[in-house]
Amino acid sequence: MRLLVVEDNQSLVANLFDYFEARGHVLDAAPDGPTGYHLASTQAYDAVVLDWMLPRLDGREVLRRLREAGHDMPVLMLTARDELPDKIAGFRAGADDYLTKPFQLPELEVRIEALVARARGRGRGRVLEVADLRYDLTTLDVTRAGRSLHLYPACRKLLEVLMRASPAAVTRERLEQALWGDDPPDGDMLRSHVYELRRSIDGAWPVKLLHTLPRIGYRLGEAAGDDDAG
């Protein structure tokens, strides 16, 4: 499994890495909420282990934003908040499971394995399609007219948001939120990623699918809008 651990207790993070990596799993870590959101929304993980009390942005808010942006990876909240109202709030924010500290590592492992197994079962056939463009969310394969396309993770994330919204427009602000959360980089990095995405999905085909709407954002679909070169 590939797991993301969003936790500011570095001793706990080290224990999780030692335990799970010894069993062949791959882990990434984020020490605060914005970093956790950025990684979870731009990388592909089998599951996310999410603390509640995080610097800069708490775990429940991270989870709420992930769900609102359409990210459906399994999320297990791992927190010292053990009161029933806290658990209810965590599940209502979108948690798939909730484990309180202190805990036993084998229990955490089997809970994550169960979440991942269920998600993989749900994931069969999860495919987005716009015209002849196809994105399999389970395998991360992107094809157009049957031809396999290579996309960088940031481009895949933009494509997912645009395909889910198609044929509606998606604002620049929403796309920036999907890539970077509340901390977009300086400069117009979004324009660069859109350029790469357009080159990948439209470059070899006469019918263009990715359209720029000046002063609004972008949309994906067969009917051309008032495109510019951005």
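The values are calculated or read from the model by the stated rules, or taken from the named source; none is laboratory data. Keep in mind that this is a model prediction, so the values were computed, not measured. Virtual Cβ from ideal backbone geometry, glycine too; neighbours counted across all protein chains shown. For the accessible areas, the whole protein counts, side chains as well, though only heavy atoms, and no ligand, DNA or RNA atoms are used. Shrake-Rupley method; radii C 1.70, N 1.55, O 1.52, S 1.80 Å.
With respect to ASP18, determine if the residue is closer than 17 Å to LEU108 by Cβ and either surrounded by fewer than 23 Cβ atoms within 10 Å (Cβ to Cβ) or modelled with pLDDT under 95 (or both). Criteria met by ASP18.
With the structure loaded, tell me whether ALA40 is in a helix (DSSP H, G or I), open to solvent by less than 40 Å² (accessible area, probe 1.4 Å), among the aliphatic types (A, V, I, L, M) and touching a helix residue (DSSP H, G or I) at 6+ places or on another chain (Cβ under 8 Å) or whether it fails that test. Spelling it out, ALA40 is indeed in a helix (DSSP H, G or I), open to solvent by less than 40 Å² (accessible area, probe 1.4 Å), among the aliphatic types (A, V, I, L, M) and touching a helix residue (DSSP H, G or I) at 6+ places or on another chain (Cβ under 8 Å). Exactly one residue out of THR139, THR143 is under 25 Å from VAL194 (Cα atoms), loosely packed, with under 12 Cβ neighbours inside 10 Å and under 21 Å from the mean Cα position of the chain (by Cα): that is THR139. Among residues of segment 168-189 that are closer than 22 Å to ALA30 by Cβ, those with a beta-carbon under 7 Å from a residue that is open to solvent by less than 70 Å² (accessible area, probe 1.4 Å) and assigned to a loop (DSSP other than H, G, I, E, B) at least six positions away or on a different chain give the pairs GLU176/PRO184; GLN177/ALA69; ALA178/ALA69.
In the set (1) within 19 Å of the chain's Cα centre (by Cα); (2) more than 17 Å from GLN177 (Cα to Cα), LEU84 fails one condition alone, (1).
Give the residue that is modelled with the lowest pLDDT, with candidates limited to residues of segment 109-126 that are among the basic types (Lys, Arg) and closer than 17 Å to ARG2 by Cβ.
ARG120
Scanning segment 83-140 for residues that are at positive phi and in contact with a helix residue (DSSP H, G or I) (Cβ under 6 Å, 6 or more places away or on another chain) gives a single hit, GLY94.
Report, by residue number, each residue of segment 47-72 that is part of a loop (DSSP other than H, G, I, E, B) and at pLDDT 90 or above. Matches in segment 47-72: ASP51, TRP52, MET53, LEU54, PRO55, ARG56, LEU57, ASP58. Which numbered condition trips up MET77, out of (1) open to solvent by less than 10 Å² (accessible area, probe 1.4 Å); (2) hydrophobic (A, V, I, L, M, F, W, C); (3) outside any strand (DSSP E or B); (4) more than 24 Å from PRO184 (Cα to Cα)? In the conditions (1) open to solvent by less than 10 Å² (accessible area, probe 1.4 Å); (2) hydrophobic (A, V, I, L, M, F, W, C); (3) outside any strand (DSSP E or B); (4) more than 24 Å from PRO184 (Cα to Cα), MET77 misses (3) alone.
Considering LEU190, LEU210, the condition of being modelled with pLDDT of 90 or more, over 18 Å from the mean Cα position of the chain (by Cα) and crowded, with 20+ Cβ neighbours inside 10 Å is satisfied by LEU210 alone.
Name the helices (runs of 4 or more DSSP H) wholly inside segment 110-217 in which the number of residues that are of a type in the set (Ser, Thr, Tyr) is 3 or more.
Values: elements: 153-165, 172-180, 189-202.
Ranges flagged: 189-202.
Here the condition is being open to solvent by less than 50 Å² (accessible area, probe 1.4 Å) and not aromatic (Phe, Trp, Tyr); of ASP72, ASP97, ASP58, it holds for ASP97 alone.
Within segment 218-227, is there a residue that is more than 28 Å from GLU61 (Cβ to Cβ), in contact with a Pro (Cβ under 6 Å, 6 or more places away or on another chain) and open to solvent by less than 70 Å² (accessible area, probe 1.4 Å)?
yes
Per-residue answers, yes or no, for (1) over 21 Å from LEU137 (Cβ atoms); (2) aliphatic (A, V, I, L, M):
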{"site": "ARG2", "(1), (2)": "no, no"}
{"site": "ASN15", "(1), (2)": "yes, no"}
{"site": "TYR19", "(1), (2)": "yes, no"}
{"site": "ARG23", "(1), (2)": "yes, no"}
{"site": "ALA40", "(1), (2)": "no, yes"}
{"site": "MET77", "(1), (2)": "yes, yes"}
{"site": "LYS87", "(1), (2)": "yes, no"}
{"site": "GLY90", "(1), (2)": "yes, no"}
